[in-house]
Structures are given as structure tokens and as C-alpha cells.
Amino acid sequence: MSEQAMTRFPVPDVDDLPADLRERIEAEREDAGFVPNVFSALAYRPSHFRAFFQYYDALVEQTALEREEIEMIVVAVSGANDCLYCNVAHGALVRIYADDPHLAEQLASNHRTVDVSETHRAMLDFAVKLTERAPEVDEDDFERLRDHGFSQRAIWDIGSVAAFFNLSNRMAHLADMRPNDEFYTLGR
């Protein structure tokens, strides 16, 4: 594993990790063609790695949202939090799932100026409001999402993705996680 995955904590050697972490990292290497630095960085604390990726898997696999929508939320929230790692890594996923080479940078810069549907704008507004002004989220915000066709379950999922990536963004800042070079060119 690269020492460049993060700068503020030691990056463990993959051979020194518990078997389940090694298996998950190798599966990701096979799937993506490289190991995203978040895997290398979070392996510093194996129990945290397990919990993080178990919740991440639930968010992307058991959801009322489309994968494109999840990644749009991640990048809008990460843009609001100035998280380089997540903007670059999930920006690549936005480009892939939305099949749009420009959307990620626009979302990271200012989700309010992006040319998206009113439904997606409502979704992104909610996620960013939860990020920036959580105590102000009220019933009007929920009603706006319902008016755009989001179910209660989908609203939960929007909020869960936003909340999880607020955690992820803060961990990336704490550790000074660095994006893999591969992410910069994916989906272009």
C-alpha cells in the first residue's frame, strides 16, 4: 500500500492486516483495477474499516435511490465540505454512473448552478442543507421531496448518504487522505 494514501497517520502494510481486510482490499483491486486510498487509510484501524465499509455497502446496495443519485449526493456534500478526496474519487463515479464528463466538477463547485432536473435539485438541496444547516431541516424540506416523488424510504436514504459522507469527509480531512491518480481520469 502507498504511504501517500494519507499523510497524518501510518499506512499499514497489507500483509500485516487481518485476513478479512486483505480479502476486501484484494476484491476492490480486482474490481477497480487499483486500491482506492480510502481502503489503505482506514485499514489503520481495522474495526473502523469494517464498520465503515459495512455501512457504505448498505447505503449503496440497499437503497431506494439510483446509484447516480447516491454519487451526486456524495459529491454535492463533499463540495460543501471542501473534501478533495471524496470530490475526486466520487466525482469519477458520478461521471461513470451519470455518463456525464462535466457533472462532477459542477456539483463539487456549487450544486445550485448545475443543470439537473428539479427532482435532483430538491434532493441535492436537502442533502446540502442537512450538511450545512442541519437544525434548520424541517417539514417543508420533507414535503418538497415528497412533492418530487421521493418516498419516505428514499428521503431516509438521501439523509443517510449525506450524513455518512459528512463523516467520511471529516475522516478524509483528519487523515489528509490523498486521491488516487486513477480517479482523475475515470469516466472522462
- Task: Specify the residue with the greatest mean-square fluctuation among Leu42, Leu174, Leu107, computed from a Gaussian network of the chain linking alpha-carbon atoms under 10 Å apart.
- Result: Leu174
- Item | Debye log10 I(q)/I(0) at q = 0.12, 0.16, 0.18, 0.19 Å⁻¹ for the chain, Cα point scatterers | -0.57, -0.98, -1.21, -1.32
- Message: Against the empirical 2.2 N^0.38 Å scaling, what ratio does the C-alpha Rg of region 78-188 come to?
- Response: 1.08
- Item | Net lengthening on full extension, His48/Asn110 (0.36 nm per residue, minus Cα-Cα) | 19.2 nm
- Distance in Å, no decimals, from the C-alpha centre of region 4-24 to the one of region 76-97 is 23
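For the chain, what does -39500 (n - 2.57) per DSSP helix run (n ≥ 4), summed and divided by total residues, give at 222 nm, in deg cm²/dmol to the nearest 500?
-21000 deg cm²/dmol
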- Query: Length gain on complete extension for the stretch Tyr55 to Asp125, per 0.36 nm per residue less the alpha carbon to alpha carbon distance?
  - Reply: 22.9 nm
- Task: Would you mind computing, in nm to one decimal, how far apart the modelled labels at Arg170 and Val14 are, each placed 7 Å from Cα along Cα→Cβ?
- Result: 3.1
- Could you tell me the distance between the Cα centroids of region 132-186 and region 35-52, to the nearest Å? 20
- Message: Just the number: Rg to Rh for region 27-129, Cα atoms, Kirkwood Rh, two decimals.
- Response: 0.98
- FRET E, pair Tyr184, Phe142, Förster distance 30 Å, beta-carbon r, rounded to 0.05: 0.20
- Task: Restricting things to alpha carbons, tell me how big region 1-53 is in terms of Rg and Dmax, in Å.
- Result: 10.0, 28
- Query: Roughly how many percent of the accessible protein surface of the chain is carbon and sulfur, given a 1.4 Å probe and a whole-percent answer?
  - Reply: 48
- Amide H contacts of Met6 (H built 1.01 Å from N, under 5 Å, at least 5 apart or other chain): Arg178
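Accessible area per residue, 1.4 Å probe, Å², for region 107-188: what's the number? Let's see the in-between values first.
Working: 4380 Å² over 82 residues.
Counting only protein heavy atoms, the per-residue value for region 107-188 is 53 Å².
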- Message: What distance in nm separates the two pseudo spin-label positions at Gln62 and Thr7, each 7 Å out from Cα along the beta-carbon direction?
- Response: 3.9
- Message: Going 7 Å from the Cα of His102 along its beta-carbon direction, which residues of region 61-86 have the amide nitrogen within less than 11 Å of the resulting point?
- Response: none
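The values are calculated or read from the model by the stated rules, or taken from the named source; none is laboratory data. The structure displayed is predicted, hence computed values, not measured ones. Using ideal geometry, Cβ is built from the backbone for each residue, glycine included, and neighbour counts are taken over all protein chains shown. Only protein heavy atoms, including side chains, enter the accessible area calculation; ligands, DNA and RNA are left aside. Shrake-Rupley method; radii C 1.70, N 1.55, O 1.52, S 1.80 Å.
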